[in-house]
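The structure under discussion appears below in the form of structure tokens.
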Amino acid sequence: MYLHSKLENKNNILQKVRNFDYILFLCILLLGLISLATMYSTDGGELLFHTKSHFLKFIIFTFLMILISFLNIRYWFTIGYLGYLIVVIMLVWTINFGITASGSQRWIDLYFINIQPSELMKICIILCLAKFFHRKRLENVNSFYSVIISLIIIFLPMSLVIIQPDLGTSLLISISGIIVLWFAGLNHKYFFYSFLITVISLPFIISFLKPYQKLRVLTFLNPDRDPLGAGYQIIQSKIAVGSGGLFGKGFLKGTQSYLEFLPEKHTDFIFTLFSEEFGFFGSVFLLLIYTIIIYRIIRTGVISRSYFAKIFCYSFGASMFVYIVINMSMVLGLLPIVGSPLPIMSYGGSSMLATMIGFGIVMSAKIHSEQSIA
Amino acid sequence: MIDQSDNVIKLSSINRRMFILATAKIIILGCIVSRLFFLQVRENKKYLTLSDKNRIREWKLPPVRGDFKDYFGNVIAGNFEAYQLHLIPEQVDDFRYTMNRIKNILELSDKQFQKLLKKKNKIKPWETLIVADNLSWKNFSKINNNLYDLNGVKPIISISRNYPYKENFTHILGYVSQANENDILSSEIIKEKFVQGLKVGKIGLEKTFEEDLIGSNSIERYEVNAYGRRISQLAFQQGDQGKTVKLTVDTEVQKLTNELLVDKAGSICAMDIFTGHVIAMHSSPSFDPNAFVFGISQDDWQLIRNNPMKPLVNKSISGNYSPGSTIKPIVALSALENEIVSTNFTVHCKGHDHPFELYGQTYHCWKKEGHGYMNMREAMKQSCDTYFYEVARRLGVDKLSETAKKFGLGEKVFGKLFNNEKNGLIPSTYWKKNALGRNWLLGETIITGIGQGYIQTTPIQLCLMTAQIANGGHKIYPELILRDKEDIKKDKFSSLVKNSKNIRFIQDAMFSSTNEIRGTSFKSRIDDPKYQFAGKTGTAQVKRITEKDRELDLKTVEIPYEERDHALYVAFGPYQNPRYAISILIEHGGSGGTVAAPLAKKLFKKIIDRHELRKNFQNKKYLDI
């Protein structure tokens with residue numbers, strides 16, 4: 001065994017390059033290209049700040065992703081708790097010294113870059129919980145001790161993000177965590193009961209929501225309630241998507257965005273703009289790319305030898321799926337408006353960084369699929 | 001090995017769960033795709049419309065108003081190009097500087113300047129600020145010369161209402177002015193076509209024919225962004241000018257009536273006795289309707305409003321006056337028709353010493369010395385009141401009112417054409433019981449016989465009455481609007497009298513009044529048979545004449561203006577072959593014979609001179625077709 005691994009180490013680099021997930025990489029590049037084109041369109045067909053910045057970030061993070069993919073997956077197992085702790089500290093820091101923008105304190109100033117720790121938490125929570133369950137025996141998973149610990153791991157960052165306030169991201173973090181619990185083999189009944197409890201306590205939760213959040217829920221239920229106020233975003237978004245038709249209005253010809261009817265078109269509503277300009281076929285194509293990416297992630301999980309890599313890949317793939325679905329459902333009027341970016345497509349460095357790190361770890365898992373973690 | 005087996009269980013668990021979740025993912029993905037399909041394919045049309053509604057906005061431009069033309073096709077209310085100065089604050093680099101430059105060039109007062117600044121603050125920076133809406137050519141060219149210095153300032157030529165004959169047609173046409181809230185609320189059409197700066201008719205025919213005249217808006221279609229800023233023009237749709245309304249009026253005659261009534265308060269109406277065409281209808285004093293187009297200044301408005309001669313009242317149709325002696329032809333006719341008296345019936349008028357007496361009440365003739373023995377023709381000619389007191393007493397008010405109503409008194413001449421036309425009032429016993437709740441007194445019949453008391457008529461009614469006497473007692477419908485296809489009413493030209501001898505007698509009596517010595521308007525006669533006309537004077541008392549007044553016997557000029565008699569005159573001509581009827585009223589003018597009748601002389605000359613032209617024009621029109 002030892003000899004074998006020694007032999008393996010000799011043609012290490014060559015082996016690694018051969019094992020590199022080129023399909024996933026190509027899909028990510030394609031997605032990046034689409035996102036740049038869309039960003040170019042949100043800037044009104046000019047090379048302005050958003051496009052340039054997005055381009056720069058994409059290039060840097062792609063290199064970062066390649067770098068990560070060649071690091072051994074064991075390394076990520078090792079820093080699983082540490083990374084979680086660092087980001088929790090950053091979240092605490094954010095609460096005290098964060099930068100406030102549009103009513104919430106989400107960013108911390110790292111002098112050369114503003115970073116949003118809550119976005120990084122999306123990936124760190126998966127790493128942390130994956131590590132936590134890696135060693136657990138299946139019968140111990142459902143033990144009181146491990147359930148409580150894992151819930152604390154989930155609730156700590158969630159509550160830190162919720163007080164920023166940023167309901168959307170905290171929900172996404174907790175969903176990522178719950179997904180890991182699911183894959184770790186937590187009993188079905190827990191999910192069933194907690195779902196039941198959530199539904200029953202929904203009225204109470206709503207009463208704890210801030211007025212603007214309540215308004216969003218009401219608006220979701222009936223967007224025509226206040227078409228120029230709270231319902232404006234979702235109505236305009238639906239108009240943009242709906243008016244796209246089969247083939248779309250054409251690149252740089254999306255009137256809804258070009259004439260500034262679309263809100264938040266760089267970030268949460270970027271899919272709306274894409275959908276308006278490229279229509280049903282374009283949207284389905286984009287979904288297809290996302291599907292391939294998620295498929296590749298899950299496939300990496302399937303071929304991975306280590307439980308850690310498996311649980312990470314499955315959870316990360318599922319989380320990606322949830323992010324995409326929540327974002328799209330939101331802009332298509334299937335869910336209330338919660339701030340959730342579309343991975344890679346939306347403008348935002350931290351979100352892209354987290355996603356790219358995730359991709360990097362998945363690629364690393366692919367390259368080191370034979371690697372077992374003790 | 002335990003670890004190993006545990007690992008196997010763990011792996012099978014995670015893989016099983018992965019498949020469960022993967023199935024769920026596929027289902028959810030299906031939902032998203034079907035939602036996309038629903039929005040983008042099924043509901044595409046709906047959202048495309050909504051998107052266009054978002055981005056396309058239409059700007060209506062004021063429609064071009066239709067013209068008014070007189071009988072001969074002259075434009076009496078048209079459009080002219082108004083020079084305006086527009087400014088878009090956003091496009092101006094230095095607003096203060098530019099405004100000050102404009103202020104200096106146009107020599108604006110500080111008050112106007114402040115008003116403009118206030119107006120600017122009310123609008124969005126990309127909306128148009130109208131700096132001036134009707135610039136003189138001089139100022140307009142000055143602005144154009146300085147354009148290099150005035151960024152964002154736009155000299156605009158806009159189309160606006162113009163009344164070339166100024167005060168001549170004011171009371172017929174009315175005027176247009178900025179549409180206000182009431183106009184918009186009261187008319188669907190105005191509401192539909194409303195744009196900032198739209199002028200609508202406020203009164204007169206401009207108001208009546210609003211729907212025909214208004215025309216349709218030109219439409220500019222722009223692509224706008226979410227904040228309403230225009231991005232690009234997509235289309236321009238040219239609107240249609242409003243319809244032209246042709247009038248029966250002859251501008252030359254109308255102008256003459258204006259000249260005749262200058263500095264007087266009163267009205268002149270002239271009518272074709274067969275077609276019913278009103279060829280002139282003027283109320284004096286008048287005012288220039290052009291002043292209202294861009295909004296009249298407060299000072300000018302007060303000047304018009306507070307003028308004691310009441311320029312705002314259209315006296316021809318909304319002035320109720322006692323007809324005075326001009327009612328006598330109707331009284332005489334009624335008496336003859338009802339066979340109360342014959343033409344030979346004689347009354348002795350003994351003057352003020354022995355006035356007509358009834359139940360202790362005395363009724364005086366206007367002539368102090370009395371007229372002596374009067375038959376009907378003489379009484380008409382010299383307008384003997386005593387004679388008509390007696391005739392009226394025998395006739396009774398109900399029979400009189402019946403005849404008067406037949407001849408068009410007591411009801412609106414133009415029907416619904418004007419909303420300010422008055423009915424006048426022809427009293428009867430029934431009316432008094434109904435309206436005042438008291439019984440009719442015989443004394444009231446007596447004074448009704450000379451056109452005093454309750455009886456009230458408008459000048460246009462008197463004109464119609466005279467026209468119907470002149471045409472031999474046939475019913476006509478006065479027309480002010482020249483229609484391409486005249487709708488002939490069933491009872492047009494139906495006879496209003498039982499015996500045509502009677503009407504011929506009345507015509508002859510009116511002839512004598514103007515053309516025979518001792519006739520009340522003898523001085524105003526024209527001997528040339530081409531122009532010769534027959535008429536009846538009237539002097540309507542405004543207040544009751546007391547014994548003291550009678551003793552004083554003051555001249556007209558010595559009486560306060562408000563208490564002076566109204567002078568009236570009705571006539572038709574040429575006598576040999578009557579064609580036109582006129583009525584003249586001078587408010588507080590004094591006696592009808594001395595003030596009103598002389599105007600008829602000039603008027604008939606003009607009207608009859610132009611008759612040939614009018615006839616030929618009409619024939620030519622038919623030839624053209």
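Computed from the coordinates by the stated procedures, all read-outs in this text should not be read as laboratory data. Quick caveat, the model's predicted, so the values are computed rather than measured. Ideal geometry is used to build each Cβ from the backbone, glycine not excepted, and the neighbour counts take in all protein chains shown.
So the values come out like this:
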{"quantity": "Interchain or long-range residues, amide H under 5 Å from B:Ile76's placed H", "calculated": "B:Phe68, B:Lys69, B:Asp70"}
{"quantity": "Order by protection proxy (mean Cβ within 10 Å, highest first), peptides B:325-337, A:16-28, A:290-302, B:167-179", "calculated": "B:325-337, B:167-179, A:290-302, A:16-28"}
{"quantity": "Computed E for B:Lys243/B:Ile105 - FRET, C-beta separation, R0 30 angstrom, nearest 0.05", "calculated": "0.15"}
{"quantity": "Gained length - A:Phe285 relative to A:Ala101, 0.36 nm times residue gap less alpha-carbon distance", "calculated": "62.8 nm"}
{"quantity": "Extension gain (nm, one decimal) between B:Val557 and B:Gln114, 0.36 nm per residue minus Cα-Cα", "calculated": "154.5 nm"}
{"quantity": "Cα-based shape type of chain B, given that a ≥ b ≥ c are square roots of the gyration tensor eigenvalues and the cut on a/c is 1.5", "calculated": "prolate"}
{"quantity": "Near-label residues of segment B:72-98 by backbone N, under 15 Å of a point 7 Å along Cα→Cβ of B:Gln196", "calculated": "B:85-91"}
{"quantity": "Gained length - B:Glu339 relative to B:Met309, 0.36 nm times residue gap less alpha-carbon distance", "calculated": "6.5 nm"}
{"quantity": "DSSP beta bridges in the protein assembly as shown [antiparallel fraction, %, rounded to 5]", "calculated": "95"}
{"quantity": "Degrees, to the nearest 10: B:95-106 long Cα axis against longest axis of chain B", "calculated": "20"}
{"quantity": "Whole-Å distance, taken between Cα centres, linking segment B:349-417 and segment A:116-142", "calculated": "118"}
{"quantity": "Cα centroid of segment B:226-292 to Cα centroid of segment A:26-81, whole Å", "calculated": "75"}
{"quantity": "Binned Cα-Cα distance frequencies in chain A - 10 Å width, integer %", "calculated": "5, 22, 32, 26, 12, 3, 0, 0"}
{"quantity": "Averaged over A:236-248, number of beta-carbon atoms from partner chains that fall within 10 Å", "calculated": "6"}
{"quantity": "Rough spin-label spacing in nm, given labels placed 7 Å along Cα→Cβ, for B:Glu188 and A:Val302", "calculated": "6.9"}
{"quantity": "Mean residue ellipticity (222 nm) of the protein assembly as shown, computed from DSSP H runs ≥ 4 via -39,500 (n - 2.57), nearest 500", "calculated": "-16500 deg cm²/dmol"}
{"quantity": "Unpaired by the 4.7 Å Cβ criterion, cysteines found in chain B", "calculated": "B:Cys31, B:Cys349, B:Cys365, B:Cys384"}
{"quantity": "12 Å reach of a label modelled at B:Tyr359, 7 Å along Cα-to-Cβ, counting backbone N of segment B:433-460", "calculated": "B:439-446"}
{"quantity": "Positive minus negative residues near A:Val338 (Lys, Arg vs Asp, Glu; Cβ under 10 Å)", "calculated": "-1"}
{"quantity": "Principal axes of the protein assembly as shown: Cα extent on each, largest first, Å", "calculated": "160, 65, 56"}
{"quantity": "Within the protein assembly as shown: Cβ-based charge dipole about Cα centre, in debye rounded to nearest 20 (Lys, Arg +1; Asp, Glu -1)", "calculated": "2280"}
{"quantity": "For segment B:418-429, Karplus couplings with θ = phi - 60° (6.51, -1.76, 1.60), whole Hz, Gly/Pro x", "calculated": "10, 8, 10, 6, 9, 7, x, 8, 10, x, 8, 4"}
{"quantity": "Selection from A:Ile206, A:Ile68, A:Phe308 lying farthest towards where the dipole of segment A:17-367 points positive, charges on Cβ", "calculated": "A:Phe308"}
{"quantity": "Net charge of Cβ neighbours under 12 Å - reference A:Phe247; Lys, Arg +1; Asp, Glu -1", "calculated": "0"}
{"quantity": "Within segment A:36-80: backbone nitrogen closer than 14 Å to the A:Asn114 label point (7 Å, Cα to C-beta)", "calculated": "A:50"}
{"quantity": "Percent RCO, i.e. relative contact order, over segment A:17-367, from Cα pairs under 8 Å lying at least 6 residues apart", "calculated": "27"}
{"quantity": "Acute angle (nearest 10 degrees) that the helix B:385-395 long axis makes with the longest principal axis of chain B, alpha-carbon atoms", "calculated": "80"}
{"quantity": "Long-range amide H partners of B:Phe533 with built H, under 5 Å", "calculated": "B:Ile526, B:Tyr575"}
{"quantity": "Cross-link pairs B:Lys381/B:Lys433; B:Lys328/B:Lys367; B:Lys243/B:Lys605; B:Lys243/B:Lys485 - those with Cα-Cα distance over 25 Å", "calculated": "B:Lys381/B:Lys433; B:Lys243/B:Lys605"}
{"quantity": "Average beta carbon contacts from partner chains per residue of B:16-23, 10 Å cutoff", "calculated": "5"}
{"quantity": "Alpha carbon centroid spacing (whole Å) that separates segment A:319-374 from segment B:1-56", "calculated": "14"}
{"quantity": "Rounded FRET efficiency, nearest 0.05, which uses the C-beta distance separating A:Phe192 from A:Glu370 and R0 of 51 Å", "calculated": "0.85"}
{"quantity": "Proximal charge balance of B:Glu211 [Cβ under 14 Å; K/R count +1, D/E count -1]", "calculated": "-1"}
{"quantity": "Rounded, prolate or oblate (a/c below 1.5 giving rounded, otherwise prolate when a/b exceeds b/c) for segment B:375-436 by Cα gyration tensor", "calculated": "oblate"}
{"quantity": "For segment B:76-86, Karplus couplings with θ = phi - 60° (6.51, -1.76, 1.60), whole Hz, Gly/Pro x", "calculated": "9, 9, x, 10, 9, 8, 8, 8, 10, 10, 10"}
{"quantity": "Tilt relative to chain B, helix B:2-37 - C-alpha long axis, 0 to 90 degrees, to 10", "calculated": "20"}
{"quantity": "Computed magnitude of the charge dipole of segment B:494-594 (debye, nearest 20; Cβ of K, R +1, Cβ of D, E -1)", "calculated": "540"}
{"quantity": "Cβ crowding within 10 Å averaged over residues, with B:365-378, A:85-98 ranked highest first", "calculated": "B:365-378, A:85-98"}
{"quantity": "Lys, Arg +1 and Asp, Glu -1 on Cβ, resulting dipole of chain B about Cα centre, debye, nearest 20", "calculated": "1440"}
{"quantity": "Overall form of segment B:492-546 per C-alpha gyration tensor (a/c, 1.5; a/b vs b/c)", "calculated": "oblate"}
{"quantity": "Ordering of B:583-594, A:243-254, B:136-147, A:118-129 by packing [mean C-beta count within 10 Å, highest first]", "calculated": "A:118-129, B:583-594, A:243-254, B:136-147"}
{"quantity": "Residues A:Tyr295 and B:Lys45, FRET efficiency given R0 of 35 Å [Cβ-Cβ distance, rounded to 0.05]", "calculated": "0.50"}
{"quantity": "Most fluctuating residue given options A:Phe58, A:Phe280, A:Phe195, as computed from a GNM of chain A linking Cα atoms under 10 Å", "calculated": "A:Phe195"}
{"quantity": "Derived scalar couplings ³J(HN,Hα) [segment B:190-201; Karplus, 6.51 cos²θ - 1.76 cosθ + 1.60; whole Hz; x for Gly, Pro]", "calculated": "5, 4, 5, 9, 5, 9, 4, x, 5, 9, 10, x"}
{"quantity": "Positive dipole terminus of chain B, leading residue within B:His474, B:Val41, B:Val557 (C-beta point charges)", "calculated": "B:Val41"}
{"quantity": "Amide H contacts of B:Glu479 (H built 1.01 Å from N, under 5 Å, at least 5 apart or other chain)", "calculated": "B:His277, B:Val278"}
{"quantity": "nm² value of the averaged projected area, convex hull over the Cα atoms of segment B:305-372", "calculated": "7.9"}
{"quantity": "Averaged over B:215-224, number of beta-carbon atoms from partner chains that fall within 10 Å", "calculated": "1"}
